[in-house]
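Peer 1: Can you read through this structure? Questions will come right after.
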Amino acid sequence: MVAEVLTTAGIPVALASIITPTPALSYAVRERGAAGGVMITSSHNPAQWNGVKYKASYGGSGKPSIISAIETYLGKPLAAAAEPSKLEEVNFNPPYVEAIAKFVDLPAIKASGKRFLIDCMYGAGRGIISGIFAEAGVPYVEMRAEINPDFPGINPEPILPHIAETQKRVVADACDAGLVTDGDADRIGAVDEHGNVVDAHKIFAILLQWLLERKGWPGDVTRAFNTTKMLDRIAAKHGRKLHEHGIGFKYVCDLMLTENILIGGEESGGVGISRHLPERDGLLNSLLLCQVMADEGKTLGELVAALQAEYGEHQYNRIDMHINDELKQSAIKRASAIKAGDDFAGMKVNRVETLDGIKFYLENSHCTDKVNAAETWLLLRASGTEPLLRVYCESCSVESVDAVLKVAESFVLEGRA
């Protein structure tokens with residue numbers, strides 16, 4: 001339908017002939033010199049929230065200014081051209097697969113002797129990494145690679161509870177790591193050799209440290225408002241500037257186009273490396289995670305442990321509260337009234353930030369390591385893609401995170417009539 005509308009308007013269209021990952025579309029837009037690209041996907045959201053992603057000519061998310069310009073056309077009649085333009089069907093995947101395979105050292109990954117579980121979550125990443133590994137001779141097991149647009153039993157987001165089965169399979173199939181991509185394969189999640197979830201924050205931190213210490217590539221670091229502060233510590237150690245911005249990869253992309261950015265990312269598994277694309281890419285990042293394991297001679301669990309030992313223990317979790325708009329607005333209003341020096345969750349509020357949502361930095365007496373422990377923060381933010389309130393927390397331990405989130409959840413629900 002999108003292709004027909006565009007050709008009716010006189011715009012030539014190359015239409016994907018097979019299921020296509022979002023980063024593959026972004027790569028095709030840039031390499032083919034196209035004006036832009038349109039992806040129809042629910043992304044990491046449940047199937048009923050299917051939508052549209054726009055990719056600009058540079059091969060990444062449309063900048064806020066571009067999206068605003070596009071939105072001015074919503075609801076306006078279409079001006080049809082005298083004759084429809086050309087429509088051709090194209091398989092965008094092979095050039096993209098070749099590019100990401102060349103970006104990593106596949107012989108080193110093979111030589112490491114490690115075996116990987118690949119979880120496609122019924123999404124568009126199906127067959128991509130497994131195809132690369134099969135050709136390179138890297139041992140792997142693939143799961144949820146069949147086409148099933150209902151995403152039975154899960155949302156295609158690489159976090160718990162949707163990757164509980166992945167945890168079991170990694171251990172059962174004696175794999176050294178599990179690599180998980182979301183519905184349209186631009187986000188990454190992971191599971192270590194013991195079945196422990198390795199969240200997007202730690203994946204980002206592992207990749208950042210490897211890029212700085214092994215590759216030595218130049219550039220700054222960007223991160224979204226709701227991502228781990230461990231990245232700040234890694235960047236500071238290596239003398240790299242860190243940019244903090246709003247939530248959404250469009251902000252990462254904007255900075256990549258205007259600043260010298262090495263890597264940028266967000267909480268939900270979207271990490272981009274500018275030498276590849278100004279775009280998040282779960283498939284490339286999965287391959288890079290394998291290379292880090294090979295280069296460092298460590299398991300995924302050991303990589304995480306080394307980070308925690310050097311930069312302090314950083315634990316993170318979020319809860320998604322499906323509540324009505326009245327309760328959501330009540331929570332935001334009450335949270336907005338809390339200031340530095342007030343008490344929240346039984347802890348003193350050290351400072352408040354409102355870059356994107358309401359973020360409290362808390363004085364946490366549970367953190368015994370007063371020098372190197374993670375700073376405790378709590379963020380309340382209304383989702384921009386689903387009818388819910390997201391509550392995020394990072395602290396020095398799993399127990400501390402759980403305790404803060406429990407109190408935060410009670411705070412939100414206090415506004416019920």
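The values are calculated or read from the model by the stated rules, or taken from the named source; none is laboratory data. Just so we're clear, the structure is a prediction, and the values are computed from it rather than from any experiment. Cβ atoms come from the backbone with ideal geometry, glycine included; neighbour counts cover every protein chain shown. For the accessible areas, the whole protein counts, side chains as well, though only heavy atoms, and no ligand, DNA or RNA atoms are used. Shrake-Rupley method; radii C 1.70, N 1.55, O 1.52, S 1.80 Å.
Peer 1: Do we find a residue being open to solvent by less than 20 Å² (accessible area, probe 1.4 Å) and under 28 Å from V391 (Cβ atoms) anywhere in the range 150-157?
Peer 2: Yes.
Peer 1: Looking at this structure, is R187 surrounded by 20 or more Cβ atoms within 10 Å (Cβ to Cβ), on the phi > 0 side of the Ramachandran plot and of a type outside the set (G, A, S)?
Peer 2: For R187, the condition - surrounded by 20 or more Cβ atoms within 10 Å (Cβ to Cβ), on the phi > 0 side of the Ramachandran plot and of a type outside the set (G, A, S) - is not met.
Peer 1: In this structure, does D176 turn out to be under 26 Å from D105 (Cα atoms) and surrounded by fewer than 23 Cβ atoms within 10 Å (Cβ to Cβ)?
Peer 2: yes
Peer 1: K339: farther than 23 Å from L160 by Cβ, in contact (Cβ under 8 Å) with a residue 12 or more places away in the chain and touching an Asp or Glu at 6+ places or on another chain (Cβ under 7 Å), yes or no?
Peer 2: no
Peer 1: Quick check: anything in the range 357-375 farther than 22 Å from H201 by Cβ, in the same structural domain as M321 (by the TED database) and buried (at least 19 other Cβ atoms within 10 Å of the Cβ)?
Peer 2: So far as the range 357-375 goes, no, none of its residues is farther than 22 Å from H201 by Cβ, in the same structural domain as M321 (by the TED database) and buried (at least 19 other Cβ atoms within 10 Å of the Cβ).
Peer 1: Another question about this same structure. Considering each of L207, L287 in turn, give the residue that is among the hydrophobic types (A, V, I, L, M, F, W, C) and in contact with a Phe, Trp or Tyr (Cβ under 9 Å, 6 or more places away or on another chain).
Peer 2: Unique residue meeting the criteria: L287.
Peer 1: Need at least 1 residues that are free of Cβ contacts under 8 Å to residues at least 40 places away in the same chain per element, so show me which strands (runs of 3 or more DSSP E) inside the range 188-265 make the cut, counting only ones lying wholly within it.
Peer 2: Here the list reads 242-245.
Peer 1: Could you pull out every one of the helices (runs of 4 or more DSSP H) wholly within the range 2-86 that has 2 or more residues that are open to solvent by less than 30 Å² (accessible area, probe 1.4 Å)?
Peer 2: Qualifying helices (runs of 4 or more DSSP H): 2-8, 22-31.
Peer 1: Among the small types (G, A, S) and open to solvent by 10 Å² or more (accessible area, probe 1.4 Å): which single residue out of S268, S286 fits that description?
Peer 2: Result: S268 is the single residue among S268, S286 that is among the small types (G, A, S) and open to solvent by 10 Å² or more (accessible area, probe 1.4 Å).
Peer 1: Still on this structure, I have one more. Which residue is nearest to S400 (Cα to Cα), if the candidates are limited to the range 320-330 and must be within 26 Å of the chain's Cα centre (by Cα) and open to solvent by less than 40 Å² (accessible area, probe 1.4 Å)?
Peer 2: Among those residues, the one meeting the criterion is M321.
Peer 1: Also, quick follow-up: Does the range 340-347 include one or more residues that are open to solvent by 60 Å² or more (accessible area, probe 1.4 Å) and small (G, A, S)?
Peer 2: Within the range 340-347, one or more residues are open to solvent by 60 Å² or more (accessible area, probe 1.4 Å) and small (G, A, S).
Peer 1: Is it the case, given these coordinates, that S274 is open to solvent by 10 Å² or more (accessible area, probe 1.4 Å) and either out of contact with any Ser or Thr (no Cβ under 9 Å at 6 or more places or on another chain) or of a type in the set (S, T, N, Q) (or both)?
Peer 2: Taking the combined requirement at face value, the residue satisfies it.
Peer 1: Let me ask something else about it. Scan the range 334-345 residue by residue and report those that are in contact with a strand residue (DSSP E or B) (Cβ under 9 Å, 6 or more places away or on another chain) and of a type in the set (G, A, S).
Peer 2: A335, S336, A340, G341, A345
Peer 1: Quick one: what pairs do we get from the range 155-178, first residue free of Cβ contacts under 8 Å to residues at least 60 places away in the same chain and within 21 Å of N50 (Cα to Cα), second open to solvent by 40 Å² or more (accessible area, probe 1.4 Å) and of a type in the set (D, E, K, R), C-beta under 7 Å, 6+ apart or different chains?
Peer 2: Taking only residues 6 or more apart or on different chains, not a single pair turns up.
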